[in-house]
Each structure stands twice: as structure tokens, then as C-alpha cells.
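Trainee: I'd like to ask some things about the structure below.
Bear in mind these aren't lab numbers, they're just calculated from the coordinates by the rules spelled out. Not measured: the values here are computed from a predicted model. Note that each Cβ is placed from the backbone with ideal geometry, even for glycine, and that neighbours are counted across all protein chains shown.
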Amino acid sequence: MTVLLNDFKRQWDETGEDVHAAVERVGRSGWYVLGSEVTAFEEQFARFMNVPHCVGCASGLDAIELALRALELRPGERVLTTPLSAFATTLAIVRAGGIPLFVDVDKAGNLDLALVEDCLVRRPDVRFVVPVHLFGNLLDVDRLAHIRARFKVRVVEDCAQAIGVTADRQPGSVGDLAATSFYPTKNLGALGDGGAVYGNDADLMATCRTLRDYGQSQKYVHERLGMNSRLDEMHAAILRSAMMPRLHAWGARRLDIAQRYRAGLRNSWVSLLPISTSSWHLFPVRVEARLRTQFRDHLGGAGVQSGVHYPRIISEQPALSEMPFEIDGPLDQARQLASEEVSLPMHPHLHDEDVERVIHAVNTWSPA
Ligand SMILES: *Cc1c(COP(=O)(O)O)cnc(C)c1O
């Protein structure tokens, strides 16, 4: 038996009955896209995130695009973002018409907010910032709020990895809008694709609502050229009645596992990232780049699956070679983390024995 990065079979054992009930409810209702289930889930999710509004959509990618379009990003405008994230963060910026401007990350992998300030001082033309709470590690929200106020930039927080963090200020509380994903691996995942925009501003959220459904403000009245990025009743029902009620307990279990890892991992070749407040979407460690394959092979041999988030920085992806983008600074930290990061199994269905197995596997490794 391998300790998996994500274990959806165990998740099904726990949630299957509730999922079946949700599917039954939607099937019988005879209404399958954008209905009362979506509305009820949006309300529940907004309450959880401590904001007044939420708009469900088809994916995290779309959520970021919807938010940028609602904020009236103009074609060709620069959008400051991180080169170390899911490709979707940048793809959404490009699809919304923006030109990505990459700034380097800090030792924990998040946008280096000192460098962001430094860049914005030199670049008064930059009006948009899309930061990511990478690995679930909460960015310094006070500093982010300060940056937003000082430079009058529009901020869309990418919270796809940060749902369920226990903190005074939830991810998404600082930005003009926040975007997240319900992709199955996320802390709040559906049995398929889904996403949401959430925030405080009623007008912006109404625009997102219009944009997700062909730009309709009322039936057959198309105010704008929108998208088809609707949330299904089925996914909304599953999220609301099978997943949301477990989110607190799952978050607590992730925190417990992170604490076990931090107490148990003892290997001078393997270092932890300086992460304090996190949803523990992932548990990243780092090893020297030249040893990463060897380390991962050792883990695999000991029955422990591992991952890499992310092996290549976004500015060096082939898809960007033909595209306009800008880089501010050398991106050395991002490149180094991309070459050194290894993700250990982290999900709420790990048993204590699995956690022990991972710790033992890490601690018994030394480079050949
Ligand atoms: C998963 C993810 C996305 C994209 O979400 P999808 O639902 O897969 O489109 C965007 N940003 C980050 C940081 C993610 O982890």
C-alpha cells in the first residue's frame, strides 16, 4: 500500500452516502444548472469566508478571469503576479487581456511583497496585482492591504489553495475580489470542476454574475460579452451537503498532520519552508536540486508518493515563448524553489500510521 498524495477512495468512503443524497436531490428537482442549489451553496460559502457575496463558476481559472474582467482590466495592461503557481494564474491574466509582469518569490514561495512594493514604486503604470496564497500559506495580509492602499492597485487574490485556513483574516479579505477553485484536489473539492469569485463589493459581484452567464443581466438581455462559466446544481449540492460540513474537521486534521511532520522530520538534507499560517493544502519541503530525483525515488521505494509544485516557473513555459510578458528582477528564488521543492502526502484521510511512514521514509534517506 502506497501513501498517496491524495486519496479519493478514502474520501468516497467517508462522503459517498452524502454525495448520493445530494445527487438524488438534484436529479429529482429537474433543474440542473444555476438554480437553488447554487444559490444556497454561494450563501453558505460566503458565510464561511466571512464576506457578503459569492458567485459560483466553472473553475478556478475562470474565477480569476471573471474577477479581472469585472475590475475592467484593459487589453494590454500589465498584471503583476508570481512565476511560481499553477499555470492557471497566468493563463487567466492572459485570457482577460492582461500582460503578466512576474516578480520573484520569497523563501516560502509566495510573492515577495518587498519586491512588489519596490516594483510598484518604479512602475506607476501597473494597476493590477494577482497574488497567490501558495501551498495554502497565507500571504502577509496586512502588508498586502498596505500595498493596495499605497499604490491604489486592484488586487485579485488567488485563494485556490488557501480555503480552510484558520486565521483572524481569511484569504480573500484584502483584495478587491478573491478567486478560488473546487478542483477535486483542493481543500474544498467537488467531484469534478468548479470555482468561485467572492468578495465585499456588491456591484463587482453583480458584474461577475452577469459575466459568468453570457453577459446576461436579465434573460435575453446581454449587457456584455460574457462567458459560459456556470456552476452545476450537482456540484453545488455535493459541495454544500457532503463537503462543506466536513471542511472544519478536515482543516484541523491537515493542521495536525503538519504539526506531526514538523515535529518528526529530522534529516539535515531536507529542509522545511518558513510557513506559519497555512491551510496546509500541500506540505512542501526542499532538497538540493541535484538530489531531488534520488530523494523522490527513495520515498517511492518506501511506499510514499511525492509531488513537485512546480517543476518549471511560468515565465519559462513553452506557451509563453510566443507571448508578451515582462520580468522584474532575476526570479532566482522562484527558479531555485522550482528545482528543489518536493511535496509530501497531505490530505485529511491520512492515518497516523501513514504519517509515521512518511516521516520514517524521509528520516532514513541520505544521498548516495
Ligand atoms: C488549482 C489552481 C488554480 C486553477 O483552478 P482550476 O479549477 O483548476 O481552474 C489556480 N490557481 C491556483 C493557485 C491553483 O492551485
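Trainee: Residues in the stretch 295-335 near a label at Asn267, defined as backbone nitrogen under 18 Å from the 7 Å Cα→Cβ point?
Mentor: Label zone hits: 295-309.
Trainee: Determine Rg/Rh for the chain; Rg is computed over alpha-carbon atoms and Rh is the Kirkwood hydrodynamic estimate from the same atoms.
Mentor: Rounded to two decimals, Rg/Rh equals 0.97.
Trainee: Rounded to the nearest 5, what is the percent of antiparallel bridges among the DSSP beta bridges in the chain?
Mentor: 55
Trainee: Sort the following peptides by mean Cβ neighbour count (other Cβ atoms within 10 Å, averaged over residues), highest first: 121-131, 333-343.
Mentor: 333-343, 121-131
Trainee: A further question follows. Mind sorting Tyr32, Tyr198, Tyr261 by how few other Cβ atoms lie within 10 Å of their own Cβ, fewest first?
Mentor: Sorted ascending by nearby Cβ count, the order is Tyr32, Tyr261, Tyr198.
Trainee: Treating only the Cβ of Lys, Arg, Asp and Glu as charged (+1, +1, -1, -1), what charge dipole size does the chain show about its Cα centre? Round to the nearest 20 debye.
Mentor: 160
Trainee: Taking the Cα centroid of the stretch 20-48 and of the stretch 115-167, what is the distance between the two, rounded to the nearest whole Å?
Mentor: For the stretch 20-48 versus the stretch 115-167, the Cα centre distance is 32 Å.
Trainee: Could you list Thr185, Thr293 so that the one with the fewest beta carbons within 10 Å of its beta carbon is first and the one with the most is last?
Mentor: Thr293, Thr185
Trainee: Only Cα pairs under 8 Å and at least 6 apart count here; give the relative contact order of the stretch 1-132 as a rounded whole percent.
Mentor: Computed value for the stretch 1-132: 19 percent relative contact order.
Trainee: Estimate the FRET efficiency between Arg169 and Trp31 by the formula 1/(1 + (r/R0)^6), using the beta-carbon distance for r and 51 Å for R0, to the nearest 0.05.
Mentor: Step by step, r from the Cβ atoms, then E = 0.90.
Trainee: Cα to Cα, under 29 Å, and not fewer than 8 places away if on the same chain: which lysines meet these conditions relative to Lys186?
Mentor: Correct list for Lys186: Lys9, Lys107.
Trainee: Take the Cα radius of gyration of the stretch 210-313 and divide it by 2.2 N^0.38 Å, with N its residue count; two decimals is plenty.
Mentor: Normalised Cα radius of gyration, the stretch 210-313: 1.67.
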